[in-house]
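I'd like to ask some things about the structure below.
The values are calculated or read from the model by the stated rules, or taken from the named source; none is laboratory data. What you see is a predicted model; the values in this text were computed from it and never measured. Don't worry about glycine lacking a Cβ; one is built from the backbone with ideal geometry, like all the others, and counts go over all protein chains shown.
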Amino acid sequence: MRNQIILWLDFPMQTATEYLAKTESAVRRLFDGIDFYLGLLRTTVRPVFVTSEPFGPAQDAEFEAWRIANAESLAAARQAEEEFIAESFTLDTLSGAVLQVAEKALELYGKSVSIPPEWRSVAKPVKAKFCCGRLVRTVPLGLVIHAARNQHAHFNERPLREPNATVFERLATAHGYPTPEPVRDPAFDLSNPSLSSFATNITSLIRWRTYDQYAIDMRALLEI
């Protein structure tokens, strides 16, 4: 029994309000961790070389002088970038945990709603409670949370089941960027080989960077 912690009492949560209250401390700590690792990314911003010289020897000389003068800042930014890349999956793990808590809240306490016509071909009735919330690139926020949680939890399994695949398809294509040809947003493109988990990209897209932002959306989704 040494070094074991056993919880003998369990207090069941009967309402969405109780669920949010009892998970608040944990989710706040997750957002603290997310902010810490995003801080590594913020420090990767490097000084920018600006010149009025045209391409040629004069610009080369000016750039070399700038590079030497900013060598310390450039090296610090490069080191921070390497540290962030090394910890990027840790950041996805924290973001995925936030999505897990949110998705479970909707599973347990979400209200039954009608599935929008444009989702009826891919969303089964059991998924109806996720078809709620503000639209994110034409997708109800609840479905975004559901799909993102599933993608993170099963990132090594392809292909994703519906409606998850369609959610990501719309997030990748319904971005509204004005381009001559259709462009897929690589931050949400499931075929992007450089990404395993999309959890951090999703929490950025839905603007969940603090507990308060998360709580506002969750109370709206759960009609609290």
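Which count do you get for residues in region 38-67 that are at pLDDT 80 or above and of a type in the set (Lys, Arg)?
Summing the residues that are at pLDDT 80 or above and of a type in the set (Lys, Arg) in region 38-67 gives 1.
Right, here's the next one. Among the residues of region 205-224, how many are under 12 Å from VAL144 (Cβ atoms) and without any contact (Cβ under 8 Å) to a residue 40 or more places away in the chain?
1
Can I ask one more? How about region 212-224: which of its residues are in contact with a Lys or Arg (Cβ under 8 Å, 6 or more places away or on another chain), surrounded by 18 or more Cβ atoms within 10 Å (Cβ to Cβ) and either over 14 Å from TYR109 (Cα atoms) or acidic (Asp, Glu) (or both)?
Hit for region 212-224 is ASP217, nothing else.
Now, a different point. Do you know which residues across region 105-125 are under 14 Å from ALA147 (Cα atoms) and touching a residue at least 40 places away in the same chain (Cβ under 8 Å)?
Selection gives LEU106, TRP119, VAL122, ALA123.
So, one more: When you check SER112 against the structure, is it more than 30 Å from MET13 (Cα to Cα) and either over 17 Å from the mean Cα position of the chain (by Cα) or exposed (fewer than 14 other Cβ atoms within 10 Å of the Cβ) (or both), yes or no?
No.
Here's something else I'd like to know. Could you list, in sequence order, all residues of region 68-78 that are closer than 27 Å to ALA199 by Cα and modelled with pLDDT of 70 or more?
ARG78
So that you can scan it fast, the table gives a plain yes or no per residue for (1) loosely packed, with under 13 Cβ neighbours inside 10 Å; (2) modelled with pLDDT of 95 or more; (3) of a type in the set (D, E, K, R):
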site	(1), (2), (3)
VAL139	no, yes, no
HIS146	no, yes, no
GLU162	no, no, yes
LEU171	no, yes, no
GLY176	yes, no, no
ARG184	no, no, yes
SER191	yes, no, no
ARG207	yes, yes, yes
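Another question about this same structure. What residue, of ALA123, ALA102, is buried (at least 16 other Cβ atoms within 10 Å of the Cβ) and under 19 Å from TYR214 (Cβ atoms)?
Unique residue meeting the criteria: ALA102.
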